[in-house]
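The values are calculated or read from the model by the stated rules, or taken from the named source; none is laboratory data. As the structure is a prediction and not an experimental result, all values here were calculated from the model. In this analysis, Cβ positions are derived from the backbone assuming ideal geometry, glycine residues included, and neighbour counts consider all displayed protein chains.
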Amino acid sequence: MLVPLNKNGTLRPAAAVLALALLLPAFSCGRKTDPIVPDSPRPEAVAGIKVALRADVAFLSWPLPGRNVEGKKMDPSEIGGFVIYRAEVQSDKKRPRFREHAAISLDAPGPAELKNGTVFWSDRNLRYGQVYAYRIRALGRRGGVGVYSEAVLAVPVPTLMPPEKLRAAAGDGAVELTWHPVTVKTDGSKNDGFTGYTVYRREDKGMYGETPVNSEPLRATSYRDTAVVNDRIYYYVVRAVDSPAQPWRESLNSNEASAQPKDMTPPSPPAGLTVVPGVGRVFLTWDENRERDVAGYHVYRSLTVGKEYARLTDKPIIRTTYSDGTVQADMTYYYIVTAVDRAGNEGKPSKEQKAQPEKLR
């Protein structure tokens, strides 16, 4: 390295600065690294927006963004909310003017709902025939605001009125649903075409899924749901549709009805009842029932053939034997046994057997 000097051999001031700058890297410690640049807090554009129309309501849904504007992964917990913009599209082909219409905070999303990483929001009281356009921006918790989504359009039209007076009756492994027929549309006109019904079911609080329990519209105003489990609570709504083929144009939801199916089938009568008289005692045995939900057995006794039985067991006994020590010699007793399941259903009695205890000799 050549460094300019003064005549007296000293460094020129400018040259001294240059030399110091060139020599410093040689004496620096450690390895040189690139500066750390934090990821952008701005979420990527919202994508995958879906719109479903029922009467004068537009139901919008979209997934939480998973990346930022730089394309790097962004944890969903970093999304703080959304701003929804709406425009009314006119027929004069002018560019629609979007205005902020709603804001959603994911800390308290109501009336919107967040479920399984998807946001659900509805826009109500729309005008029939008006074309609406929506755009959405995501908000980052660190202050970043995402870019606008692509616009999606919605044109509300009259649909059938929702079914009324939905009722749900619990059965054994089934729920019976009934409702009133729908004959008019939301604009008051009579429906002269097809009328069918779709049934929706849920088990937890919140919204209903997108797929009904029936694969095609029902023509009847009743439905028996057998895809249920006893002792669980199920919730239902029904919608009216004006076409037998998809895409169905559905009505708004009916009133909600719930039911809890229960085990109402009693166990079969115990078989093989045998009574053996002893001294001051009668011993009973019988075969174990094959039903898996049997909780136990009750033993009954009478002094009259076929009637006036008194129960000897306070609660169902688990074993299939019983010793009756409250008898008197030279008297004839008649016995029957019943099975009880875990739901409390008591079955029909076994065949009657009689016994006469012996005297003490």
### Query
Where in the stretch 271-361 are the strands (runs of 3 or more DSSP E), entirely inside, with at least 3 residues that are closer than 30 Å to residue 171 by Cβ, of a type in the set (Val, Ile, Thr) and touching a residue at least 60 places away in the same chain (Cβ under 8 Å)?
333-341
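So, in the stretch 333-347, how many residues would count as being within 17 Å of residue 288 (Cβ to Cβ) and modelled with pLDDT of 95 or more?
Filtering the stretch 333-347 for residues within 17 Å of residue 288 (Cβ to Cβ) gives 336-342, 346-347.
Next, from what is left, pick out any that are modelled with pLDDT of 95 or more: 336-341, 346-347.
The total comes to 8.
Yes or no, residue by residue, for (1) modelled with pLDDT under 95; (2) not charged (D, E, K, R):
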{"site": "31", "(1), (2)": "yes, no"}
{"site": "35", "(1), (2)": "yes, yes"}
{"site": "39", "(1), (2)": "yes, no"}
{"site": "46", "(1), (2)": "no, yes"}
{"site": "85", "(1), (2)": "no, yes"}
### Query
Among the strands (runs of 3 or more DSSP E) contained in the stretch 100-142, which hold 3 or more residues that are β-branched (Val, Ile, Thr) and more than 28 Å from the chain's Cα centre (by Cα)?
none
